[in-house]
Ligand code: NAP
């Protein structure tokens, strides 16, 4: 089974390296071609050429429009019977649109967004939520297991992305809580390393505190999940909440905070840059 990866960003790179280790990866494509240089598998200059050469196309790019433009690019060349698996975080509507386009080519589409950060991508420890045909998932599962420790089939196409939206709402709340609490701790003149150590071990311990607490208090927001990407996700969540007639004040507040940080030029920083607004 030949497997190609499109998108070698912060997440895609770690995923692709794990696919190489597991012996699955046969092809790569990245818009900025330089990022393919480390791979000894076939590197294609166009996504349509990659799609014609593999049985499974994996995608991990930024936004809805990026996914849809890639689907438009590959639909003419992809082989019937192939499977396209999109691991980007986009809307359920985009997933359904992609599935309809590819179904006309007898190609299965799975929306398979992930959670676990760049660390999870690097270590092959992602959590993956999958929507789409269960048989296609079973066929692709050994490949996905090279990247993810937990793979859960959520239902029809779009249900993976809907589940990821749940995750992103929760991330917003955790970011608000951790950045606010650590700014509060600093105001108490506590030893911050000790605060992080002991709080991480108790009932308030969480992934974000453990992985971003130490860097955030040093004013370093370089690694990880770009704030502008989480903003994009939360806009999707807000639209879903409007449809469901739900109020989500934490999400709304985070969108406003992120908009301010993006206007100040911090959109490419990690989401822990929210700490900039909290520390006063
Ligand atoms: P990233 O570092 O900004 O990388 C984005 C990738 O998408 C790059 O390879 C980029 O190519 C490619 N790309 C963007 N627009 C494209 C287009 N129109 N056509 C072709 N390629 C395009 O982002 P990331 O952090 O890897 O995130 C990727 C996806 O995973 C996003 O949907 C994000 O929300 C999601 N996600 C991220 C995290 C995280 O912690 N970072 C965790 C879970 C999920 P270039 O190299 O040419 O720019």
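Readers should treat all values here as calculations from the given coordinates under stated rules, not as data from a laboratory. Here the structure is a predicted model, which means the values were calculated and not measured. With ideal geometry, Cβ positions are generated from the backbone for all residues, glycine too; neighbour counts draw on all protein chains shown.
A few notes on this one:
- Ranked list, fewest to most other Cβ atoms within 10 Å of each Cβ, for 240, 170, 15: 170, 240, 15
- Label zone at residue 69 (point 7 Å along Cα-to-Cβ), backbone N below 20 Å, the range 32-50: 32-36, 44-50
- Exposure proxy order (Cβ contacts within 10 Å, fewest to most) of 67, 195, 107: 195, 107, 67
- Fraction of beta bridges assigned by DSSP in the range 3-156 that are antiparallel (%, nearest 5): 10
- Listed peptides 137-145, 197-205, 154-162 by packing density, highest first (mean Cβ within 10 Å): 154-162, 137-145, 197-205
- DSSP-defined beta bridges in the chain - what % are antiparallel, rounded to 5: 15
- For the chain, the Kirkwood radius over C-alpha pairs fed into Stokes-Einstein at 37 °C and 0.692 mPa s yields D = 168 µm² per second.
- Ranked list, fewest to most other Cβ atoms within 10 Å of each Cβ, for 63, 164: 63, 164
- Maximal additional length on extending the residue 141-residue 239 stretch stands at 32.1 nm, based on 0.36 nm per residue less the C-alpha distance.
- Here the calculated FRET efficiency for residue 201 and residue 177, from their Cβ-Cβ distance with R0 = 25 Å, stands at 0.90, rounded to the nearest 0.05.
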